[in-house]
Structure formats: C-alpha cells, structure tokens
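Contents: one structure, followed by commentary.
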Amino acid sequence: MRRIVKIIGIVVVVYFLVAIGFYLFQDDFVFQSDFLPGDYAFVFDQKFEEYAIPTNDGDTLNALFFNATVPAKGLILYFHGNAGNLQRWGKCAVDFTALGYDVLMIDYRGYGKSSGTPSEMNLYKDANTTLEWSQYNFPRKRLIFYGRSLGAAVAAHLALSVTPDLLILETPFDELKGAVFLPLKPLLYLYPLRYKFSNKMSLQRVSCKKLIIQGTNDWVVPLSAALKLKPLLHDGDAFITIAGGSHNNLREFDEYHKILAEWLN
C-alpha cells in the first residue's frame with residue numbers, strides 16, 4: 001500500500017512540475033521558431049522571389065513570393081504554423097500556384113530570417129503589415145487568406161480588418177487552449193495561457209466565405225477542438241474532414257487537393 005501511495009505521489013509531483021514548466025516556458029512551446037542565417041539560400045522546385053518587408057516598429061519580415069504557373073486568378077496570403085520557417089512552408093506553395101494563384105508567404109518575426117520576437121499581438125501586426133505591403137506591390141482583384149494551424153488564428157484575425165474573398169483555415173483550433181494536451185487542461189485554471197489565438201472570437205465577426213479543413217486523426221489539434229468552430233459558419237461556408245488525416249499530412253491526400261481545386265476554381 002505504501003508503495004502505491006509513493007508511486008501516486010511521484011506521479012502527482014511530476015505532473016505539477018510538467019505543468020509549471022509548460023507555463024514558465026510556454027513561449028518556447030507556442031512559438032517553435034527555427035532561425036536561418038541572413039545569407040541562407042532557399043531551394044524550391046519552382047521559381048520564387050525573396051523580399052524583406054519592413055514593419056512599423058523597426059523589424060523586418062522575410063517573405064517569399066511564388067508566381068502562378070498560369071495567368072493568376074488572384075493572390076493567396078499564406079500564414080504558416082507555429083514551427084519551422086519558410087524553407088519548410090514554401091514547399092506548400094505549389095498546391096496553390098498549380099491552381100492559378102500567386103502566393104505570398106512570410107516568416108513571422110523571430111522565425112527564419114525575420115528579426116524581432118514573436119508574440120500573439122506581433123503575429124497579428126505581421127499579418128497586417130504583409131497585407132498592406134502586398135496591396136501596394138501585388139494588387140490582385142481576388143484575395144484569399146490561408147491559415148495553417150496557429151496561422152489560422154492569424155488569418156482569421158486579419159479577416160476582421162480587411163474582408164478577403166475567401167478565408168481557408170487548415171487544422172485550426174477553437175482557441176489555443178484547445179490544442180493543449182488533454183491531461184494538462186485542468187491545470188490551465190491554475191496556470192492560464194498568456195495567449196488566446198482565438199479563432200472562435202474572430203469567426204463570430206468575420207463575414208467572408210469560409211472553408212475549414214481538418215483531419216480526423218489530428219493529435220496536435222483534436223477534431224473536437226476544430227468542430228467547435230462549425231456552428232460559427234454560415235450558408236455557403238464548409239467544414240470538411242479528411243478521414244485518416246493528421247496534423248501535418250493533409251496535403252498527402254488526394255481529397256485535400258480536390259477540395260482546393262473546387263474552392264479555388
């Protein structure tokens with residue numbers, strides 16, 4: 001009996017230590033930025049142009065622009081997830097350029113070659129800066145915001161200030177705490193997250209056409225967290241699940257590309 005009590009005590013202590021560590025170092029969990037040296041040369045299978053976008057507060061955002069393979073139907077502003085940098089995410093551009101869209105991607109401040117420090121408000125500022133810069137340099141009649149995972153919250157927030165023709169959210173959570181590992185969620189009452197990244201709040205006020213794509217086997221953002229956004233959709237919007245899809249492999253499914261082709265026609 002004493003041994004069982006001892007084991008339970010150790011488990012409880014470890015549980016609380018993990019929770020405290022998550023709270024103290026949550027920036028490292030939320031913003032898993034991957035630094036790149038300034039002279040890093042990107043390599044992709046399609047042509048691209050690289051830009052440095054200045055922010056109003058003195059930082060610089062590294063950006064990549066990919067041209068459509070046919071006369072462009074419009075411009076997609078792509079906001080990537082919380083990990084990696086443009087060398088990883090730039091490979092996704094072909095999914096859209098092949099369908100006739102130019103694509104502009106940025107690394108948030110603190111990611112890749114971008115200077116500065118990431119935070120929720122800074123990511124929102126980066127999105128606004130990118131939009132303003134793109135409207136001046138690459139004006140297009142059709143404008144689409146695409147947000148991936150954490151970037152879904154960035155894209156949805158941007159749609160509050162400027163209404164795009166379409167908002168696409170891939171693997172979004174209702175809000176950041178919805179993506180917290182289930183056993184740790186009770187401790188959020190003691191150690192609340194510093195960031196909300198609430199798609200739920202944004203989508204209540206976004207008026208544009210919306211598409212949400214989610215995998216059924218997503219272990220990072222549970223399907224249950226994404227489904228909380230479904231009641232916020234309106235006629236003409238869609239919530240589409242990809243059976244067997246997880247958080248990082250949806251573009252490996254033919255269904256994903258069929259969905260994009262249908263919505264980006």
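Values computed for the structure shown
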| read-out | value |
| --- | --- |
| Residues satisfying the stated conditions in region 35-55, i.e. in contact (Cβ under 8 Å) with a residue 60 or more places away in the chain, exposed (fewer than 14 other Cβ atoms within 10 Å of the Cβ) and part of a loop (DSSP other than H, G, I, E, B) | Pro37, Gly38 |
| Only one of Ala156, Ala226 that is touching a helix residue (DSSP H, G or I) at 6+ places or on another chain (Cβ under 7 Å), part of a helix (DSSP H, G or I) and small (Gly, Ala, Ser) | Ala156 |
| Qualifying positions in region 68-127 - touching an Asp or Glu at 6+ places or on another chain (Cβ under 6 Å) and not in a loop (DSSP other than H, G, I, E, B) | Leu75, Gly84, Leu86 |
| Near pairs, Cβ below 6 angstrom, 6+ apart or cross-chain, from region 89-108 (more than 19 Å from Pro37 (Cα to Cα)) to any residue that is in a loop (DSSP other than H, G, I, E, B) and of a type in the set (Val, Ile, Thr) | Thr97/Thr69; Ala98/Thr69; Gly100/Val70 |
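This table checks each residue for (1) under 23 Å from the mean Cα position of the chain (by Cα); (2) within 23 Å of Arg148 (Cβ to Cβ); (3) among the charged types (D, E, K, R); (4) at pLDDT 65 or above.
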{"residue": "Arg2", "(1), (2), (3), (4)": "no, no, yes, yes"}
{"residue": "Ile10", "(1), (2), (3), (4)": "no, no, no, yes"}
{"residue": "Val13", "(1), (2), (3), (4)": "no, no, no, no"}
{"residue": "Asp27", "(1), (2), (3), (4)": "yes, yes, yes, yes"}
{"residue": "Val30", "(1), (2), (3), (4)": "yes, yes, no, yes"}
{"residue": "Asp34", "(1), (2), (3), (4)": "yes, yes, yes, yes"}
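Here's the yes/no breakdown for (1) surrounded by 20 or more Cβ atoms within 10 Å (Cβ to Cβ); (2) modelled with pLDDT under 95; (3) touching a Pro at 6+ places or on another chain (Cβ under 8 Å):
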{"site": "Pro71", "(1), (2), (3)": "no, yes, no"}
{"site": "Gly84", "(1), (2), (3)": "no, no, no"}
{"site": "Gln87", "(1), (2), (3)": "no, no, no"}
{"site": "Arg109", "(1), (2), (3)": "yes, no, yes"}
{"site": "Gly116", "(1), (2), (3)": "no, no, no"}
{"site": "Asn122", "(1), (2), (3)": "no, no, no"}
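The values are calculated or read from the model by the stated rules, or taken from the named source; none is laboratory data. A quick note: this is a predicted structure, and the numbers were derived from the prediction, not measured. All Cβ positions, glycine included, derive from the backbone under ideal geometry; neighbour counts span all protein chains shown.
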